[in-house]
Amino acid sequence: METTQAQTVSPARIESFLLEVADAVNTSLDLDTTLNRVAELVRRIIDYEIFAILLLNEKTQEMRIRFQIGHPPEVAERIRIKVGEGVTGLAAQRREAVLVNDVAEEPAYINAIPRVRSELAVPLIVKNRVIGVIDIEAPYRNYFTEEHRRVLALIASRVAIGIENARLYTRTNRQARTLTLLNEISRELTSILNLDQLLKRVGELINRLIDYQMFSVLLLDPTGSKLQHRFSLRFKTSVHIKHDIPLDRGLVGWATRHKQAVLVRDVSKDPRYIELNPETGSELCVPLIYKDKAIGVLDIEHTRVGYFNEDHQRTITTLAGQIAIAIENARLYEQVARQEKRLERDLMLARELQLRLLPQAQPKMKNLDIAARFVPARAIGGDLYDFLDYSLDRHAIAIGDVSGKGAPAAIYAALVSGILRSHCAVEPSPAEMLSAVNLSLGERPIEAQFVSIIYAVWDDDERHLRIANSGLPRPIYWHNGKVEIIEATGLPLGLFENADYDEFGFETHPGDLFVFFSDGILDARSHTGALFGRERLEKVVARAGEGSTNDVVAEIFAAVNEHASGVEAFDDQTVVALKVK
């Protein structure tokens, strides 16, 4: 190739030009704008074909091309030059300009562009620190002169501080944007309680921070011995990966086991790497730590070697803590949701069983009509009623209210029902039945559990009713168009070993009405907090007394529901009505 040479520059023009350079690089804090201006200014003094500004990573002591003209893009993107390697590396190491008239005679030359014949590299130095190198190349031997070296060194001394300021500003601005984005991401993640939705959103949000090509969230299995792919993206497409990774294998296993982030710029050079994606060039693995325990790992990959850097690692490590908390919250929520569904199924089954324990039909008697209704405050409740057959056309009626609510009360109510039926074979009187149940419950006491029962025995031939009460609200007796309160009271069963119960006997007449009820009827509250109370109940009975037992029960519940409209029932509600034919 024919040798040629760039034109020289007069001293007067250089002095004026350096002032222009200083002014140009100090008027912008945008790094790309600053580097572009430097390239334009250098071209006005030295007519180049190939130009690059390489910036130094002080931690790795590697330089990469940050701005270039004339380099093949794939070369510029991939190349990393260690300090001391190549012409630019020598310039950084020696901290002085290096001029090579014929690269074929320079052992340190890196042949990135075959047509290059000469090269001039000048270090960028700020406060005695090398921050990078300006590098220009030409396709001719002896193209650059000593004067070019001197001029480019002067230019470098003026632009270095401007480049460093712009780089610091860009880094600070980027960090501020990253922190703002991290804050937004953290707030959003805490609001997602579905694990699959959460992991999908994590992948989308991390992509706003790092333009990755492959992403996976792997979580420890229940045994804690292997990682399972829970969510994966490949080139923005969701994929399902069944491959589990033991903790003693792979980069993800190492990161999880040691609870440390792993940044690998070239996976082909790391023996820990397991090739699942042949396209992978670099990889970043960040463990998910919750309460000092690794629960999984974020795995981010790119086809480009050297794509990830320390800033990426710091950013994802900062975010990983919040992601781990969000994952644990979502898993806990899913666990609670599963338990609630299981509990709901169990309660529905218990409700069905409880309803089947209640009489499926009212007993048919020639001289008495019966109606009953039970409405639990929850899925299941602690109220009960039952009808038991005695001999000689006699029948027993029981209505009870167990302390408490929900499943414990329902189980206790079932126990009481069983005790009632076990004793009815000897056909006890009402007071004898209450004493027998009280004795049975005392033999198997359960803390804070007791039951209140009204027990009545009806003689259908004699139209005679006997009643005993152990703590339920006093029953209502409607006859001759008037409401009367049956003053039957007594201690609840299961609290005291020795308790006596009074009996009340009634010689009835056609049309006489008896209403038994649990305290959930009287205690129903309106939205203002007012109780339904006995007075309202008596008025309903007085108004409905002429009707059938079904009408009486229906009107009582209608009045209670109207009174407590919009207010959730606090206690179980049961009514049993008896009417003499």
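The values are calculated or read from the model by the stated rules, or taken from the named source; none is laboratory data. This one's a predicted model, so the numbers in the text were calculated from it and none came from an experiment. Because the Cβ atoms are built from the backbone with ideal geometry, glycine has one as well, and the counts that use them run over all protein chains shown.
Couple of notes before you dig in:
- Residue satisfying condition, being closer than 19 Å to VAL116 by Cα and in contact with a Leu (Cβ under 9 Å, 6 or more places away or on another chain), within set ILE53, ILE45, ILE69: ILE53
- Count of region 241-256 residues which are assigned to a strand (DSSP E or B) and more than 16 Å from THR280 (Cβ to Cβ): 1
- Scanning region 366-421 for residues that are among the acidic types (Asp, Glu) and over 47 Å from the mean Cα position of the chain (by Cα) yields a total of 4.
- Selected residue (criterion: farthest from GLN449 (Cα to Cα)) from residues of region 425-435 that are touching a residue at least 12 places away in the same chain (Cβ under 8 Å) and surrounded by fewer than 18 Cβ atoms within 10 Å (Cβ to Cβ): GLU427
- Some residue of region 349-357 being over 22 Å from PHE374 (Cβ atoms), free of Cβ contacts under 8 Å to residues at least 60 places away in the same chain and either surrounded by 16 or more Cβ atoms within 10 Å (Cβ to Cβ) or acidic (Asp, Glu) (or both): no
- Screening SER417 against (1) polar (S, T, N, Q); (2) surrounded by fewer than 16 Cβ atoms within 10 Å (Cβ to Cβ); (3) in contact (Cβ under 8 Å) with a residue 60 or more places away in the chain leaves a single unmet condition, (2).
- Flag for ILE163 being under 30 Å from ALA121 (Cβ atoms) and in contact with a Gly (Cβ under 8 Å, 6 or more places away or on another chain): yes
- For region 494-523, a residue qualifies if it is at pLDDT below 95 and of a type in the set (A, V, I, L, M, F, W, C), and the qualifying residues are LEU495, PHE496, ALA499.
- Test: residue in region 178-187 that is surrounded by fewer than 16 Cβ atoms within 10 Å (Cβ to Cβ), at pLDDT 80 or above and either within 21 Å of the chain's Cα centre (by Cα) or among the small types (Gly, Ala, Ser) (or both): no
- Of all the numbered requirements in (1) in a loop (DSSP other than H, G, I, E, B); (2) touching an Asp or Glu at 6+ places or on another chain (Cβ under 6 Å); (3) surrounded by 14 or more Cβ atoms within 10 Å (Cβ to Cβ), GLY520 misses one, and that requirement is (1).
- Output for region 465-482, where each listed residue is touching a strand residue (DSSP E or B) at 6+ places or on another chain (Cβ under 6 Å) and not in a loop (DSSP other than H, G, I, E, B): LEU465, ARG466, ILE467, ALA468, ASN469, ILE476, TYR477, TRP478
- Set side by side, the residues ILE300, ILE289, ILE295, ILE323 differ, and just one is in the same structural domain as LYS236 (by TED's automatic domain parsing), under 30 Å from LEU209 (Cα atoms), in a helix (DSSP H, G or I) and not polar (S, T, N, Q), which is ILE323.
- Qualifying residue in region 307-320 (condition: under 17 Å from the mean Cα position of the chain (by Cα) and closer than 18 Å to PHE215 by Cβ): yes
- Filter result (without any contact (Cβ under 8 Å) to a residue 60 or more places away in the chain, of a type in the set (Val, Ile, Thr) and over 19 Å from GLY520 (Cα atoms)) within region 451-482: ILE467
- Search result, residues across region 35-54 that are under 45 Å from the mean Cα position of the chain (by Cα) and surrounded by fewer than 19 Cβ atoms within 10 Å (Cβ to Cβ): none
- Residues that are over 20 Å from THR574 (Cα atoms) and part of a strand (DSSP E or B) do occur in region 489-503.
- The set of residues in region 276-288 that are surrounded by fewer than 20 Cβ atoms within 10 Å (Cβ to Cβ) and out of contact with any Asp or Glu (no Cβ under 7 Å at 6 or more places or on another chain) comprises LEU276, PRO278, GLU279.
- Region 66-81 residues that are at positive phi and in a loop (DSSP other than H, G, I, E, B), paired with ones that are hydrophobic (A, V, I, L, M, F, W, C) and modelled with pLDDT of 85 or more (beta carbon under 6 Å, 6 or more apart): GLY70/ILE50
- Matching entry among GLU146, GLU77 (being of a type in the set (Asp, Glu) and within 30 Å of TYR307 (Cβ to Cβ)): GLU77
- Within region 245-275, being under 31 Å from the mean Cα position of the chain (by Cα), among the charged types (D, E, K, R) and surrounded by fewer than 13 Cβ atoms within 10 Å (Cβ to Cβ) holds for one residue alone: ASP248.
- Among the numbered conditions (1) assigned to a strand (DSSP E or B); (2) surrounded by fewer than 20 Cβ atoms within 10 Å (Cβ to Cβ), the only one that VAL515 does not meet is (2).
- Candidates are the residues of region 314-348 that are hydrophobic (A, V, I, L, M, F, W, C) and within 30 Å of THR574 (Cβ to Cβ); the one that is surrounded by the most Cβ atoms within 10 Å (Cβ to Cβ) is LEU347.
Conditions tested, residue by residue: (1) of a type in the set (Lys, Arg); (2) under 22 Å from ILE453 (Cβ atoms); (3) free of Cβ contacts under 8 Å to residues at least 40 places away in the same chain.
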| site | (1), (2), (3) |
| --- | --- |
| LEU513 | no, yes, no |
| LEU531 | no, no, yes |
| GLY545 | no, no, no |
| PHE557 | no, yes, no |
| ASN561 | no, no, yes |
| ASP571 | no, yes, no |
| THR574 | no, yes, no |
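- LEU284 being within 28 Å of the chain's Cα centre (by Cα), closer than 21 Å to LEU209 by Cβ and of a type outside the set (Val, Ile, Thr): yes
- Looking across region 340-359, just one residue is in a loop (DSSP other than H, G, I, E, B) and at pLDDT below 85, and that is LEU358.
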